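Undergrad: I have a structure here, written as structure tokens, and I will follow up with some questions on it.
Derivation of every value follows stated rules applied to the coordinates shown; laboratory data play no part. Because the structure is predicted, anything quoted here is derived from the model rather than measured. Counting neighbours? That spans all protein chains shown, and the Cβs are built from the backbone with ideal geometry, glycine included.
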């Protein structure tokens, strides 16, 4: 099956710093990747749709200047949390879609746990 | 009203039991439906897609009722390893790639 990796798997940083998270599709090309955030005991919330070679599409309420997304190649998308604050502490998960005959299937990366002190 | 609603549980069942999870969705135009499994502090993993005719994969059976906008997942002969959170997932209106997740139903299987 399709494999998606994320790096780092966890990160602890000081308030005010920026953190970059990488999402890679290892064995397939993904023109579209997605970034989600999940707070404890809550569902995954879509933050943005990342399209290779174009600007990301952000969901309502997600600040595009705070969460910078770059999808420079068909196998890599990055999410940078700029000027991170404790309320940004969350589990960030990316996914990439692969066409599987009848529909697109989303495969998820293992997630990145961000803790902002 | 939430776009995808699930009973959060937890469902505590003994090994070997049969357990059913339900899910309702609000957008009648949704076309794709899935059940994902998420273990604690891990990413979601696709358990199965849900088709209009219903489908089965081993001990897991999924059903879809478009008229009632209702999806179900039945797990037979529960195993300890089935303990996880089960997420009902529906695609959003107008975009087949955009998924809306329910909050999940927690299952705990005990010996």
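Undergrad: Using packing as a proxy for protection, rank A:92-98, A:48-54 so that the peptide with the highest average count of other Cβ atoms within 10 Å comes first.
TA: Details: A:92-98: 24.4, A:48-54: 16.7.
Packing order, densest peptide first, comes out as A:92-98, A:48-54.
Undergrad: Averaged over peptide A:43-55, how many Cβ atoms belonging to another chain are found within 10 Å of each residue's Cβ?
TA: For this peptide, the per-residue mean of nearby foreign Cβ atoms is 3.
Undergrad: Further question on the same structure: Treating each Cα of the range A:32-77 as an identical point scatterer and ignoring solvent, apply the Debye formula and state log10 I(q)/I(0) at q = 0.20 Å⁻¹.
TA: -0.63
Undergrad: To continue, here is another question. In what order do A:22, B:43 fall by count of nearby beta-carbon atoms within 10 Å, going from fewest to most? Please list the in-between numbers first.
TA: Working: A:22 16, B:43 22.
Ranking A:22, B:43 by Cβ neighbours within 10 Å, fewest first, gives A:22, B:43.
Undergrad: May I pose another question? Across 5 Å bins from the origin, how do the percents of Cα pairs in chain A run, short distances first?
TA: 2, 13, 23, 25, 20, 10, 5, 1, 0, 0
Undergrad: When A:7, A:71, A:85 are ordered from fewest to most other Cβ atoms inside 10 Å of their Cβ, what list results? Don't skip to the answer; put the middle values down first.
TA: Numbers: A:7 14, A:71 23, A:85 11.
With the fewest neighbours first, A:7, A:71, A:85 line up as A:85, A:7, A:71.
Undergrad: So, one more: Which value in Å does the Kirkwood hydrodynamic radius of the protein assembly as shown take, with 1/r averaged over all unlike C-alpha pairs and then inverted? Please list the in-between numbers first.
TA: Details: mean 1/r = 0.0548 Å⁻¹.
About 18.2 Å for the protein assembly as shown.
Undergrad: Specify the residue with the greatest mean-square fluctuation among B:37, B:59, B:76, computed from a Gaussian network of chain B linking alpha-carbon atoms under 10 Å apart.
TA: Per the Cα network of chain B with a 10 Å cutoff, B:59 tops the list.
Undergrad: On the principal axes of its Cα set, how long, how wide and how thick is chain B? Give whole Å, largest value first.
TA: Projected onto the principal axes, the Cα atoms of chain B cover 44, 30, 22 Å.
Undergrad: Moving to a separate point now. Please report, in whole Å, how far the alpha carbons of the range A:1-69 spread along each principal axis, starting with the longest.
TA: Here the Cα extents, ordered largest to smallest, are 35, 26, 25 Å.
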